[in-house]
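Novice: Next up is a structure, given as structure tokens.
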Amino acid sequence: MGWLLAIVVVAIYILAVYLLDRMPNVSLILAIIIPFGLFWALGRFGGEVIFTIFASIVLIVMNVLSRSRLDD
């Protein structure tokens, strides 16, 4: 179950990075919702959730930088 969730989370993060330039709002929503969905699915705070938190932070920062680059 843990490996399946990890594969799904990584696939969603790859999709979020792909959508960063095309649909930044969808990318931001995915980056915010995924850790909470994983918390709900696991039912506990384990070490494997740390990756999703840092990946979400990176995606949110990338999204903010992408938006600031588009404004220039």
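The values are calculated or read from the model by the stated rules, or taken from the named source; none is laboratory data. Note that the structure is a prediction, hence the values are computed from the model and not measured. So basically every Cβ, Gly included, is an ideal-geometry build from the backbone, and we count neighbours across all protein chains shown. Areas reflect the complete protein model, heavy atoms only, side chains present, ligands, DNA and RNA absent. Shrake-Rupley method; radii C 1.70, N 1.55, O 1.52, S 1.80 Å.
Novice: May I ask you to list the residues in the range 1-27 that are over 19 Å from Ile60 (Cβ atoms) and not β-branched (Val, Ile, Thr)?
Specialist: Met1, Gly2, Trp3, Leu4, Leu5, Ala6
Novice: Further, regarding this structure: Do you know which residues across the range 1-34 are touching a residue at least 12 places away in the same chain (Cβ under 8 Å) and open to solvent by 90 Å² or more (accessible area, probe 1.4 Å)?
Specialist: Asp21
Novice: A further question follows. Scanning the range 35-57 for residues that are open to solvent by 50 Å² or more (accessible area, probe 1.4 Å), of a type outside the set (A, V, I, L, M, F, W, C) and in a loop (DSSP other than H, G, I, E, B), which turns out modelled with the highest pLDDT?
Specialist: The selected residue is Gly43.
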